[in-house]
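Notes follow the structure.
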Amino acid sequence: MPSSSKPKQSTFADDVLNGLSAMPKFLSSKYFYDDEGSRLFQEIMKLPEYYLTRAEFEIFSEQTREIFSAFNAGDSAFDLIELGAGDGTKTAVLIDYFLKQLANFTYMPVDISAEAQNALAENFRAKFPDLSIQIQTGDYFQILGNLQSNNGRRKIILFLGSNIGNFRQEQAVSFFKSLRAVMNENDLLFIGFDLQKDPRVILKAYDDAQGITAAFNLNLLKRINRELGGNFDLENFSHYAIYRPTECAARSFLISRKEQTVRIEALNKSFDFEAWEPIFMEISQKYNLKMIEDLATQSGFSVKQNFFDSRNYYTDSLYKPVL
Ligand code: AVJ
């Protein structure tokens, strides 16, 4: 978004009110990542069913040299800006190699969870004493403004983990456009996309046997209880995931196991749930190469290169600004 016409940021309370008043009810997955949610997501990344993280890790590990060269990372000083850094495990592989090549860069992880950011900083300072690191804790959109005014150094922006999958098509385009608006000719955007594959493989990734994904979803109700004075009884909601091949997306829901009323003090309001009524929680879009090309074209980029894992489950796509 151009900084001159920034829309007013809605608050957690506004969004919960809006979502639970809608028909069908929904909550926004962007609120999953409080400190507890960030911890649960790190558990998800270790699950046998959740292939995404390992596929991206394989790309980073097996193609480090190719990525370094596609980034032109040896040429001039740059800022390596990671949106939604989490625990930075995958990025560590790149950083290690970049440092060994004596690349001149500052690593700038951006994440909403302060706890995750502190852990990341501590870990990276120990692991990479020579790394220049500047933590930015907050919402991507808040941080975008700061990026524009940054020093004139080249920017390489990382948006990994198929985080883009949580956006609907129009949202993805407007997000990439807003990144494009703060980028210069030689800057690059490196994006992780989970690819289409056997729907059964995808579905399992969002419906794991240990119930960690269920806990991750339910944690948002816990967060509403804690931060907004809600009285959700977590026992009365169950996690349900689907994959819809026609829209190429997984969706998750919390289903009310019975007719019930939930009170949320901060909203001074109660919400009625019918038995088996769903709350739509999250969409995880899966892509093909045409979709990745189209997203680039529509938001002012061209695809410079794709990096695939050995099973073609996943791609990291390098976007270059079109002038
Ligand atoms: C962090 C958005 C990539 O959609 O795969 C994992 C979040 N949700 N399991 C995804 C998530 C349930 C994840 N992203």
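Just to be sure I understand: if I project the alpha-carbon convex hull of region 127-263 onto a plane and average over all orientations, what area do I get in nm²?
12.8
Roughly how big is region 180-300's charge dipole about its Cα centre, with Cβ charges of +1 (Lys, Arg) and -1 (Asp, Glu), in debye to the nearest 20?
160
For the chain, the longest stretch holding no GluC sites (Glu not before Pro) located in a DSSP loop with at most 15 other Cβ atoms within 10 Å is which?
1-184
Report relative contact order for region 136-240 in percent, whole number only (criteria: Cα-Cα under 8 Å, sequence separation at least 6).
25
Relative contact order for the chain: what is it in percent, counting Cα pairs under 8 Å that are at least 6 residues apart?
21
Looking at the chain, send over the antiparallel percent of its DSSP beta bridges, to the nearest 5.
Counting only bridges with both partners in the chain, antiparallel ones make up about 60 percent.
In region 224-281, which chymotrypsin sites (Phe, Trp or Tyr not before Pro) are in a loop and have at most 13 other Cβ atoms within 10 Å, using DSSP for the loop call?
When the chymotrypsin sites (Phe, Trp or Tyr not before Pro) of region 224-281 are filtered for loop state and at most 13 Cβ neighbours within 10 Å, 276 remain.
Over region 88-155, what portion of Cα pair distances is larger than 21 Å, expressed as a whole percent?
In whole percent, the share of Cα-Cα pairs in region 88-155 beyond 21 Å is 28.
For the chain, what is the calculated [θ] at 222 nm in deg cm²/dmol (nearest 500), taking -39500 (n - 2.57) for each run of four or more DSSP H residues and dividing by its residue count?
-11500 deg cm²/dmol
Can you give me the angle between helix 169-181 and the longest principal axis of the chain, using Cα atoms only, in degrees from 0 to 90, rounded to the nearest 10?
Compared with the principal axis, the helix lies near 40 degrees.
So what is Rg over Rh here for the chain, counting just Cα atoms and using Kirkwood for Rh?
0.97
Above 21 angstrom, tally the Cα pairs of region 189-323 and express them as a % of all pairs, no decimals.
Numbers: 5020 of 9045 pairs.
Taking all Cα-Cα pairs of region 189-323, the fraction more than 21 Å apart is 56 percent.
Among 234, 52, 179, which one shows the biggest mean-square fluctuation in a GNM of the chain, springs joining Cα atoms closer than 10 Å?
Comparing 234, 52, 179 in a Gaussian network model of the chain, the most mobile one is 234.
Which of 45, 109, 129 sits closest to the plus end of the dipole of region 1-146, meaning its Cα is farthest towards the positive end, when Lys and Arg get +1 and Asp and Glu get -1 on the C-beta?
In region 1-146, that residue is 109.
Can you tell me which of 130, 34, 87 moves the most in a GNM of the chain? Springs connect C-alpha atoms under 10 Å apart.
Comparing 130, 34, 87 in a Gaussian network model of the chain, the most mobile one is 130.
If the viscosity is 0.692 mPa s and the temperature 37 °C, what Stokes-Einstein diffusion coefficient in µm²/s follows for region 33-82 when Rh is the Kirkwood radius over Cα pairs?
D = 248 µm²/s.
Taking the Cα centroid of region 17-75 and of region 113-153, what is the distance between the two, rounded to the nearest whole Å?
With region 17-75 and region 113-153 each reduced to a Cα centre, they are spaced 17 Å.
Could you state the angle between the C-alpha long axis of helix 114-127 and the longest principal axis of the C-alpha atoms of the chain, as a value from 0 to 90 degrees rounded to the nearest 10?
30
Subtracting the Cα-Cα distance from 0.36 nm times the residue separation, let me have the gained length for residue 62 to residue 104 in nm, one decimal.
Length gained, residue 62 through residue 104: 12.9 nm.
Highest GNM mean-square fluctuation, the chain, Cα pairs closer than 10 Å: which of 46, 269, 304?
Residue with maximal mean-square fluctuation among 46, 269, 304: 269.
Relative to the first principal axis of the alpha-carbon coordinates of the chain, what is the inclination of helix 289-298, with its axis defined by its Cα atoms, in degrees from 0 to 90 and to the nearest 10?
Once rounded, one gets 80 degrees.
If you place +1 on the Cβ of every Lys and Arg, -1 on the Cβ of every Asp and Glu, and leave all else neutral, what size is the dipole of the chain about its Cα centre, to the nearest 20 Debye?
Here the size comes out at about 500 debye.
With only alpha-carbon atoms counted, please give the Rg and Dmax of region 8-163, in Å.
Final numbers for Rg and Dmax: 17.2, 55 Å.
What is the spin-label model distance, in nm, from residue 184 to residue 226 if the labels are put 7 Å beyond Cα along the C-beta direction?
4.2
Hey, what did region 181-284 get for relative contact order, percent, Cα under 8 Å, at least 6 apart?
Contact order relative to length: 22 percent.
Using Cβ counts within 10 Å as a stand-in for footprinting exposure, how do 281, 291 rank, fewest first?
Final ranking by Cβ density, sparse to dense: 291, 281.
What residues qualify as long-range amide H neighbours of residue 85, i.e. H under 5 Å apart, gap of 5 or more or another chain, H built at 1.01 Å from N?
Amide H neighbours of residue 85, under 5 Å, 5+ apart: 110, 111.
Could you give the nm distance between label points at residue 76 and residue 126, where each point is 7 Å from its Cα heading toward the beta carbon?
Here the answer is 3.7 nm between the modelled labels.
Take the Cβ-Cβ distance between residue 257 and residue 142 as r, set R0 to 35 Å, and report the resulting FRET efficiency rounded to the nearest 0.05.
It comes out at approximately 0.40.
Any idea what the dipole of region 11-162 comes to, in debye rounded to 20, about its Cα centre with Lys/Arg Cβ at +1 and Asp/Glu Cβ at -1?
Its charge dipole is roughly 360 debye.
Set the Förster radius R0 to 30 Å, insert the Cβ-Cβ distance between residue 135 and residue 23 as r into 1/(1 + (r/R0)^6), and round the FRET efficiency to 0.05.
Computed FRET efficiency for residue 135 and residue 23: 0.15.
We did not get these values from a lab; they are worked out from the coordinates using the rules stated. Small disclaimer: the values here were computed from a predicted structure and weren't measured. No Cβ is skipped: glycine too gets one built from the backbone with ideal geometry, and neighbour counts run over all protein chains shown.
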